[in-house]
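*Asks:* Please find one structure pasted underneath; my questions will follow.
The values are calculated or read from the model by the stated rules, or taken from the named source; none is laboratory data. All of these numbers come straight from a predicted model, not from anything done at the bench. Every residue, glycine as well, gets a Cβ built from its backbone with ideal geometry; the counts of neighbours run over all protein chains shown. Accessible surface is based on the protein model in full, side chains and every heavy atom, while ligands, DNA and RNA are left aside. Shrake-Rupley method; radii C 1.70, N 1.55, O 1.52, S 1.80 Å.
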Amino acid sequence: MSLAQFLPWQTETARAWLAQRDRFAHAWLIHGLAGIGKLQFASAAAASLLCESPRQGLACGECAACVWVASGNHPDLRRIRPEAVALEEGAEAAAESEDADAAAGASTGAGAKRAPSKDIRVDQIRALESWFNTATHRGGWRVALLYPAQALNVISANALLKVLEEPPAHTIFLLVADAPDRLLPTLLSRCRRLPLATPGRQEALQWLAAQDVGDAASWLAAAGGAPLGALRLAQTEESACPAWLEQLAGPLSQGQSPDVGALADLLDKLPAVQWIDALQRFYVDLMLAGAGAPARYFPALGPAVARTAARADAAKMAEGARWLTRQRALAGHPLNAKLFAHAALQRVVLSCQA
């Protein structure tokens, strides 16, 4: 592991914010566009708060506290996240998850392993109680880093709310979320908000170039201007504009119907959330083209999108976009993935016809 650093577009915000650490609120909600580095900001903030020799408010990277944070062993830092997220983060997190499973099995008498939870569970919040009741190491801060906050279910959110109503001494909660409106209003009322801005296009492109991302402009557009989102796409996708989306947009721009069956076969191999997200961005480009604006997400499809928007009925496109948004709730567990993709593609085709 290594010590988290603030990204270039975060440094000034971090310094101004951390300069107020002596008058800090006990809970902060760090939010902003997905893919701009909110978790990295929160992780670097936790390191800075625990650092014993901060430089201009930021972690020095050399003191004992920084070494402990970098190795994942600081006694005054806890990460609260879903088991599924913990498993993605590496072997140590996987061991944590297995220990949690063993404890849950012992308490229930169940021996079978269960699938890693995608929620932050109430027992994870309750398990912090003994930590709160111990003195902090060397009398400094205690930091609880919770992410993503929208993974709190109703029960765990209410358990956290009770903690925040009577916050433990010398403890700071850093909650990270993409969309604050998805959290309980009562929980929001107990947190101070720290919105993070999306970096400017040139700054984002320079950062992506430093990460050796080719055709950075296309990847940045596909990610909606979020540089970390663009980097993840560049590392996992073959092209900024999916080939299947090109196969959909081409015939639509000519007033023809694409081969929905063949496209559904392609989408059946992808997570539903992934292709729904791409279709939602496609709809945004269609709406922009209808208003005479350039494409935001898929510039390569600009001409095809413009022709489609000019031919289609704006009301039908808008209704198609709303319908697709409603289907997002089914993306994690469609009864029949291929049939789900086929129905979605048919709806898109119908909404883009005159």
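*Asks:* What would the Debye formula give as log10 I(q)/I(0) at q = 0.12, 0.21 Å⁻¹ for the alpha-carbon point model of the range 1-95, no solvent?
*Replies:* These q points yield log10 I(q)/I(0) values of -0.39, -1.19.
*Asks:* Moving on. Around ASP265, what is the net charge, scoring Lys/Arg as +1 and Asp/Glu as -1 over all other residues with Cβ under 11 Å from its Cβ?
*Replies:* Spelling it out: positives minus negatives among the neighbours equals 0.
*Asks:* Right, another one. Using a Gaussian network model of the chain whose springs link C-alpha atoms within less than 10 Å, name the residue from PRO54, PRO299, PRO271 with the highest mean-square fluctuation.
*Replies:* Fluctuation is largest for PRO271.
*Asks:* Roll a 1.4 angstrom probe over the protein heavy atoms and tell me the percent of accessible area of the chain that is carbon or sulfur.
*Replies:* Details: 9370 of 17640 Å².
So the carbon and sulfur contribution to the accessible surface is 53 percent.
*Asks:* Counting DSSP beta bridges with both partners in the chain, what percentage is antiparallel, nearest 5?
*Replies:* If I count the DSSP bridges inside the chain, around 5 percent turn out antiparallel.
*Asks:* Can I ask one more? In Å², and per residue, what accessible area does the chain have when probed at 1.4 Å with the other protein chains present?
*Replies:* About 50 Å² of surface per residue is accessible.
*Asks:* Which of the following values of Cα extents along the principal axes in Å was calculated from the structure shown: (i) 63, 47, 43; (ii) 70, 52, 35; (iii) 79, 51, 34?
*Replies:* Structure-derived value, by its label: (ii).
*Asks:* Let me ask you something else. For a quick check of your reading of the filter: which chymotrypsin sites (Phe, Trp or Tyr not before Pro) in the range 270-354 sit in a DSSP loop and have no more than 16 other Cβ atoms within 10 Å?
*Replies:* Listed in order of number, the matching sites amount to none.
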